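Q: Questions regarding the structure given below will be posed in turn.
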Amino acid sequence: MSLFDVFDTAGSAMSAQSVRMNVTSSNLANAGSASGDPDKVYRARHPVFATFRDTLDDRAGVTGVKIEGVVESSAPLNLVYQPDHPEADEAGNVYVSNVNTVEEMVNMISASRSYKNNVEIINTTKELLMQTLSLGR
Amino acid sequence: MELNVLATHERALTFRAMRNRVLASNIANADTPGYKARDIEFGAALKNAQAGPQRMATTSDLHLKGSARASDSPAGNRLKYRVPAQPTLDGNTVDTDVEQAAFAENALMYRASLAFLDGRIRTIRYALKGAD
């Protein structure tokens, strides 16, 4: 029954969106973290989405989503003057993580909208299948 | 004759189920870079279904007589790429609003076919059983 494939497709998308949500929450949680060593500072992370062509039937137009990897942002770190910080250098500066809070908030809204869309797809398809099962009763 | 009517709606259901998968795939990939949205045209699928089964040419009566309808396979109902209304930086052509509208319309048409099929089955059962 071909409609069952929808659960796989939408399920993979929900899983990918929840990873995105997790990464976003990690970024937001670490937005203000600072360190004296630029190599130890938290850098913003972003998941890379890709289509899933191995098991689902691509020829029939059915492709799920998978996370190809999580990449660290290469945006420059912020040098902030904080002489009170224990790890501040001689000039009183510390490196603060390169998380862009506005970008992360937008990511969070987009991820939650996409997740909800897929939940709706599953609900509608489930309803269609249930109606098909009760055909002729 | 009655069974023919069942077959028409059965084909419609198959088409709607196929389109449902394609549209669900589009919505699932709304955030995937480089994904191109696809859809099946109802007109082309209807034409395929009306064309009737295609038979293999045989030169002897002993040869197998295979037959298939173009509408039975996903490849027969050729998938087409959607033309995006506005460009995106990551090459993704999914417009979630368009896809959601198409999905809702498709689900409604699926229900319509189900209702027709259900009514037809009821009629046949009524004819078989007679009035209670």
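What follows is calculated from the coordinates using simple rules that are stated; it is not laboratory data. Here the structure is a predicted model, which is why all the values come from computation and not from measurement. Neighbour counts run over all protein chains shown; Cβ positions are idealised from the backbone, glycine included.
Q: Which of these, A:R113, A:R20, A:R43, has the largest mean-square fluctuation under a Gaussian network model of chain A (Cα springs below 10 Å)?
A: Fluctuation is largest for A:R113.
Q: Same structure again: Taking neighbour counts of Cβ atoms within 10 Å as a proxy for exposure, in what order, fewest first, do A:I121, B:I124 appear?
A: B:I124, A:I121
Q: Using the beta-carbon distance between A:K126 and B:L6 and R0 = 25 Å, what value does 1/(1 + (r/R0)^6) give for FRET efficiency, to the nearest 0.05?
A: E(calc), rounded to 0.05, equals 0.55.
Q: Ratio to report: Rg/Rh of chain A, with Cα atoms as the point set and Rh obtained by the Kirkwood method; give two decimals.
A: 1.22
Q: Please check chain A for the longest run free of GluC sites (Glu not before Pro) that are loop-located per DSSP (anything but H, G, I, E, B) and have at most 15 other Cβ atoms within 10 Å.
A: A:1-86
Q: Another question, if that's okay. Using the Cβ atoms and a cut-off under 15 Å, what net charge is assigned to the surroundings of A:Y95, where Lys and Arg are +1 and Asp and Glu are -1?
A: That works out to -4.
Q: Sticking with this one: To the nearest 10 degrees, how steeply does helix A:5-29 sit against the main Cα axis of chain A, on a 0 to 90 scale?
A: That works out to roughly 10 degrees.
Q: Based only on other Cβ atoms within 10 Å, what is the fewest-to-most ordering of B:R19, A:R45?
A: Ranking B:R19, A:R45 by Cβ neighbours within 10 Å, fewest first, gives A:R45, B:R19.
Q: Another question, then. Show the residues, 5+ positions off or on another chain, whose built amide H is closer than 5 Å to the amide H of A:N93.
A: Those lying under 5 Å, H to H, from A:N93 are A:Q82.
Q: Pairs to check: A:K66/B:K80; A:K116/B:K47; A:K116/B:K36; A:K126/B:K47; A:K40/A:K66; A:K66/A:K126. Give those whose C-alpha atoms are more than 27 Å from each other in this structure.
A: Flagged as over cut-off: A:K116/B:K47; A:K126/B:K47; A:K40/A:K66.
Q: Placing unit charges on C-beta atoms (Lys and Arg positive, Asp and Glu negative, everything else neutral), compute the dipole magnitude of chain A about its Cα centre in debye, rounded to 20.
A: I would put it at about 760 debye.
Q: Something else now. From Cα pairs below 8 angstrom and at least 6 apart in sequence, can you work out the relative contact order of chain A, rounded to a whole percent?
A: Relative contact order here is 32 percent.
Q: Enter the angle in degrees (range 0 to 90, nearest 10) between the Cα long axis of helix A:101-133 and the first principal axis of the Cα atoms of chain A, meaning the one along which they spread out most.
A: So the helix axis and the longest Cα principal axis differ by about 10 degrees.
Q: Moving on to the next point. In a GNM of chain A with a 10 Å cut-off on Cα contacts, which of A:G36, A:G92, A:G61 has the highest mean-square fluctuation?
A: Highest fluctuation of the listed residues: A:G61.
Q: On average over all directions, what projected area in square nanometres does the stretch B:73-123 have, based on the convex hull of its Cα atoms?
A: The number I arrive at for the stretch B:73-123 is 5.2 nm².
Q: I'm checking a number: the convex hull volume of the Cα atoms of the protein assembly as shown, normalised per residue, in Å³. What is it?
A: Normalising the Cα hull of the protein assembly as shown by residue number yields 173 Å³.
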